[in-house]
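Engineer: Got a structure for you, written out below as structure tokens; questions coming shortly.
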Amino acid sequence: MMDPELQLQVKQAIERLYDDLAHEKGSSSHWTGELSTSALSTATAVSALSACLNQMKSRNSNVSLPPSSEPLEQERLTMERLIENGSHWLSEAQNEDGGFGDTNRSLSNIATTLLVLAAWQLAGHNARFAPQIGAAWSYVERQGGWDGLRQRYGKDKTFVVPILTNCAIAGLVDWGQIPTLPFEAAALPQSWYRFAKMPVVSYAVPALVAIGQAQHFHQRRKNPILRWIRSVCIGPTRRVLTQMQPTSGGYLEAVPLTSFVLMSLASMGQIELRVAVEARKFIIDSVLPDGSWPIDTNLATWVTSLTSTAFFDVNRGRPKTNLEWERNIDWLLSCQHVRRHPFTGADPGGWGWTNLSGAVPDADDTPAALIALKHWYDAHSVNHDTGNHLAESRLERVLNAAAMGCRWLLKLQNSDGGWPTFCRGWGTLPFDRSGSDLTAHAIRALNVWSSVVSQSSNKASHSLSNDRIRQATERGWSYLLKNQQADGSWLPLWFGNQDRPEEDNPVYGTGRVLKCFSQCNRSDSQSFRQGVRFLISCQNPDGGWGGGNSIHYPARPGDSGTIGKVDGSSTIEETAIALDGIMHQIDTTEHSDSIMAGLRRLSEFVLAGDHDTSQPIGFYFAKLWYHERLYPMVFSLSALKKGLEICQR
């Protein structure tokens with residue numbers, strides 16, 4: 001039983017989170033959130049714009065080149081300004097060890113540091129930033145130089161080859177030192193990609209094409225037959241680049257991926273291609289007011305789904321008005337992909353991380369949207385006014401969307417029983433394999449909708465039988481049991497902890513899987529108990545979870561953006577996730593001391609205002625770190641309201 005003082009503290013924290021999240025949403029129909037600034041994104045954007053600008057200047061100074069399609073003077077001035085501002089921002093983002101981290105709260109890593117060095121080289125700022133460059137190269141050498149870069153990524157070429165290509169375009173490394181990417185494989189039918197043994201993950205096909213073509217341009221193969229094949233495939237694979245490019249111009253709404261494509265095309269003089277023009281526009285439009293770039297535009301669909309779900313609890317219920325919630329639901333429905341996706345070839349039915357055109361449906365955002373929709377459906381399907389045709393129409397739309405989403409998840413399941421992120425069958429590289437966090441999320445979504453969609457006469461529910469869903473989820477459970485670690489934990493695919501040697505995050509993974517066990521009535525299993533024991537065993541002395549030596553909560557007001565020195569500090573995000581998992585057990589009295597200590601720490605975080613400071617626990621593509629401003633609020637709200645529910649039993 002929670003003591004009255006702690007109960008009051010938790011209630012106050014919940015009220016503050018509700019108010020702050022309502023303020024974040026404002027009059028909008030959804031939450032947008034805010035991704036962290038990124039030295040990695042900023043460096044690649046500066047390199048891409050510099051490569052384009054250098055090509056433009058070269059053309060203007062070479063009388064043998066025709067002056068056709070010269071860029072507007074205003075665009076050139078804009079690019080020069082952005083390069084200048086981005087370079088200056090990078091000079092202030094350097095860590096004390098001379099290296100650069102992915103975000104303003106990330107530890108240095110060799111990849112981002114090399115990308116910054118390449119950006120300054122292409123921008124012509126070597127003399128200007130000579131002291132910073134010397135410190136950065138010293139850091140690179142301490143990390144093992146070029147060999148250290150290759151060791152960081154192992155056999156996965158998704159990111160190491162783009163980094164080396166960026167450095168080659170800048171003249172820092174010879175083209176011959178870069179592993180060759182078989183861009184000609186992209187000329188195959190899209191459905192064959194998973195059989196082609198691609199050396200990059202599924203989402204990196206645009207980089208495969210553009211970088212592979214740049215390699216062919218700068219470093220021709222000696223074998224004349226292979227050289228001929230690659231030359232023949234240039235046209236068809238460039239059409240693939242066009243087909244995959246969204247209307248925003250940004251592949252996956254990601255600045256780094258789009259920048260790698262653009263700088264590769266620019267290095268071949270192909271700055272007038274429509275793909276290059278649109279990519280350049282996306283990068284220019286994506287810059288932040290401080291001169292930096294984020295890792296991606298936003299995670300609006302993801303944070304809206306999570307926040308919508310967190311808003312439902314036994315005390316607060318729905319938002320203040322039905323209209324407010326219905327606008328939210330209508331927006332979520334509009335984000336569902338209803339056509340075959342040109343990027344991954346995915347069938348209709350899934351959700352991506354944002355409503356913007358560069359999003360791709362995946363197995364984390366789709367379950368999140370489905371679970372949020374189910375909350376609304378449950379609240380309205382029983383007592384709705386049958387004479388209200390608008391309400392009935394919305395219920396039918398939600399049911400139709402849920403059926404499509406469930407079918408999409410069923411088709412995505414891998415042969416090992418787990419769920420991958422984007423594409424079924426791409427299992428050889430880290431971010432294409434099945435993941436425990438994704439699998440648990442998919443099972444939760446299928447579980448909440450199974451009885452509804454399998455019994456519905458809705459056309460979209462056709463073939464969604466209880467048996468089909470049950471068989472898929474049982475295979476998913478087998479995957480989870482098989483992938484539980486010896487210490488009782490589960491490792492997630494898309495979240496990490498930068499202070500752990502392997503940069504993994506068993507706290508996040510275990511918390512998410514335990515929540516799945518509980519909500520599917522499996523919290524009496526041995527695997528669940530082992531997972532709970534793991535989380536209890538790694539609770540920090542301050543009552544929280546996760547974190548490490550690098551975690552820093554800055555003195556308010558203002559964020560210094562530096563790496564902190566608070567040894568072993570917990571994070572709000574990981575504390576909330578761990579609590580949310582533990583508190584879903586049947587008997588919470590067994591670990592009541594740990595739960596109460598965690599609730600006290602988490603509510604202290606919120607009441608002190610630390611929920612305004614997010615920490616880099618998120619992985620993006622190819623292990624690129626990010627932090628999202630709404631994560632501390634959303635995760636904390638879900639955990640604290642569960643804690644309050646426990647104390648009121």
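Engineer: Does L306 satisfy being closer than 16 Å to L35 by Cβ and either polar (S, T, N, Q) or crowded, with 23+ Cβ neighbours inside 10 Å (or both)?
Structural biologist: yes
Engineer: Which ones in segment 16-36 are part of a loop (DSSP other than H, G, I, E, B) and acidic (D, E)?
Structural biologist: Within segment 16-36, E34 is the sole residue that qualifies.
Engineer: Could you identify the single residue in R239, R194, R221, R227 that is in a loop (DSSP other than H, G, I, E, B), modelled with pLDDT under 95 and either of a type outside the set (S, T, Y) or in contact with a helix residue (DSSP H, G or I) (Cβ under 7 Å, 6 or more places away or on another chain) (or both)?
Structural biologist: When all the criteria are applied, what remains is R221.
Engineer: Please find, within segment 245-297, the residue that is farthest from V209 (Cα to Cα) out of those that are of a type in the set (V, I, T) and assigned to a helix (DSSP H, G or I).
Structural biologist: Step by step, filter segment 245-297, then rank; the result is I284.
Engineer: Hey, among R533, R529, R500, which residue is more than 18 Å from H591 (Cβ to Cβ), basic (K, R) and either outside the structural domain of R105 (by TED's automatic domain parsing) or under 25 Å from the mean Cα position of the chain (by Cα) (or both)?
Structural biologist: So the residue among R533, R529, R500 that is more than 18 Å from H591 (Cβ to Cβ), basic (K, R) and either outside the structural domain of R105 (by TED's automatic domain parsing) or under 25 Å from the mean Cα position of the chain (by Cα) (or both) is R500.
Engineer: Something else now. What about P506, is it under 22 Å from the mean Cα position of the chain (by Cα) and surrounded by 21 or more Cβ atoms within 10 Å (Cβ to Cβ)?
Structural biologist: For P506, the condition - under 22 Å from the mean Cα position of the chain (by Cα) and surrounded by 21 or more Cβ atoms within 10 Å (Cβ to Cβ) - is met.
Engineer: Out of segment 85-110, which residues are under 20 Å from the mean Cα position of the chain (by Cα), outside any loop (DSSP other than H, G, I, E, B) and more than 16 Å from V255 (Cβ to Cβ)?
Structural biologist: Answer for segment 85-110, where residues must be under 20 Å from the mean Cα position of the chain (by Cα), outside any loop (DSSP other than H, G, I, E, B) and more than 16 Å from V255 (Cβ to Cβ): just N109.
Engineer: Here is a follow-up. Go through T113, T103 for me and flag whichever is crowded, with 24+ Cβ neighbours inside 10 Å, under 28 Å from Q143 (Cβ atoms) and without any contact (Cβ under 8 Å) to a residue 40 or more places away in the chain.
Structural biologist: Unique residue meeting the criteria: T113.
Engineer: Here is a further query. Scan segment 606-629 residue by residue and report those that are in a helix (DSSP H, G or I), surrounded by fewer than 24 Cβ atoms within 10 Å (Cβ to Cβ) and on the phi < 0 side of the Ramachandran plot.
Structural biologist: Result: L607, D610, D612, F621.
Engineer: Looking at (1) crowded, with 22+ Cβ neighbours inside 10 Å; (2) in contact with a helix residue (DSSP H, G or I) (Cβ under 6 Å, 6 or more places away or on another chain); (3) closer than 19 Å to H216 by Cβ; (4) modelled with pLDDT of 95 or more, find the lone condition where P162 falls short.
Structural biologist: P162 satisfies every listed condition except (4).
Engineer: Within segment 449-497, count every residue that is within 26 Å of the chain's Cα centre (by Cα), at pLDDT below 95 and among the aliphatic types (A, V, I, L, M).
Structural biologist: Of the residues in segment 449-497, 1 are within 26 Å of the chain's Cα centre (by Cα), at pLDDT below 95 and among the aliphatic types (A, V, I, L, M).
Engineer: Hey, another quick one. Does R340 satisfy the criteria of being exposed (fewer than 15 other Cβ atoms within 10 Å of the Cβ), at pLDDT below 90 and either in contact with a Pro (Cβ under 8 Å, 6 or more places away or on another chain) or farther than 18 Å from Y620 by Cβ (or both)?
Structural biologist: Against the criterion (exposed (fewer than 15 other Cβ atoms within 10 Å of the Cβ), at pLDDT below 90 and either in contact with a Pro (Cβ under 8 Å, 6 or more places away or on another chain) or farther than 18 Å from Y620 by Cβ (or both)), R340 qualifies.
The values are calculated or read from the model by the stated rules, or taken from the named source; none is laboratory data. Because the structure is predicted, anything quoted here is derived from the model rather than measured. Note: ideal-geometry Cβ built from the backbone for every residue, glycine included; neighbour counts use all protein chains shown.
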